[in-house]
Amino acid sequence: MKNVILAITMLFFGGSFTDMEESNDLNLQGVWQEATNPEFVRIGSADMIMKFQRVQGKELVSHGTFTTEDGTMFVSNEFSNSEYELQYVFSPSGQTLVVTKPNSDEAWVFFRVGQ
């Protein structure tokens, strides 16, 4: 009987638990506005691939794909034809995102403005 209850519990709760990487991918998705510039980043997934577009004013300034692992984004920037790693962290509410700039000791601060 214990095994049946355990099996049912695992089936019921198994779909609701995700590992940290999947959770971060889900938290990253949406539209983010940079705190000090008229810059927006749209992050979403298509066919299980995370994609981004960065727009400044009305101009596309960057786009590409990325993967995540333990607070690091591995970016393939199709706009500049370059690859790099960025560190990122969320605020406790998940509504603020801080991302290091490529090849810099500076960072962007983004606020979630849409899904």
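Summed over region 73-105, residues that are in contact (Cβ under 8 Å) with a residue 12 or more places away in the chain, in a loop (DSSP other than H, G, I, E, B) and open to solvent by less than 80 Å² (accessible area, probe 1.4 Å) total 4.
Scanning region 54-72 for residues that are within 18 Å of Asn37 (Cβ to Cβ) and in a strand (DSSP E or B) yields Arg54, Val55, Gln56, Glu59, Leu60, Val61, Ser62, His63. Could you say whether any residue in region 46-60 is loosely packed, with under 13 Cβ neighbours inside 10 Å, modelled with pLDDT of 95 or more and of a type outside the set (Asp, Glu)? Yes, region 46-60 contains at least one residue that is loosely packed, with under 13 Cβ neighbours inside 10 Å, modelled with pLDDT of 95 or more and of a type outside the set (Asp, Glu).
Considering only region 26-53, state which residues are among the polar types (S, T, N, Q) and either part of a strand (DSSP E or B) or within 17 Å of Glu78 (Cα to Cα) (or both).
Initially, region 26-53 is screened for residues among the polar types (S, T, N, Q), giving 27, 29, 33, 36-37, 45, 53.
If the condition is that a residue be among the polar types (S, T, N, Q) and either part of a strand (DSSP E or B) or within 17 Å of Glu78 (Cα to Cα) (or both), then Gln33, Ser45, Gln53 are the ones that fit.
Ile43 meets each of the listed conditions (1) in contact with a Gly (Cβ under 8 Å, 6 or more places away or on another chain); (2) open to solvent by 40 Å² or more (accessible area, probe 1.4 Å); (3) not basic (Lys, Arg) apart from (2).
The values are calculated or read from the model by the stated rules, or taken from the named source; none is laboratory data. Here the structure is a predicted model, which is why all the values come from computation and not from measurement. Note: ideal-geometry Cβ built from the backbone for every residue, glycine included; neighbour counts use all protein chains shown. For the accessible areas, the whole protein counts, side chains as well, though only heavy atoms, and no ligand, DNA or RNA atoms are used. Shrake-Rupley method; radii C 1.70, N 1.55, O 1.52, S 1.80 Å.
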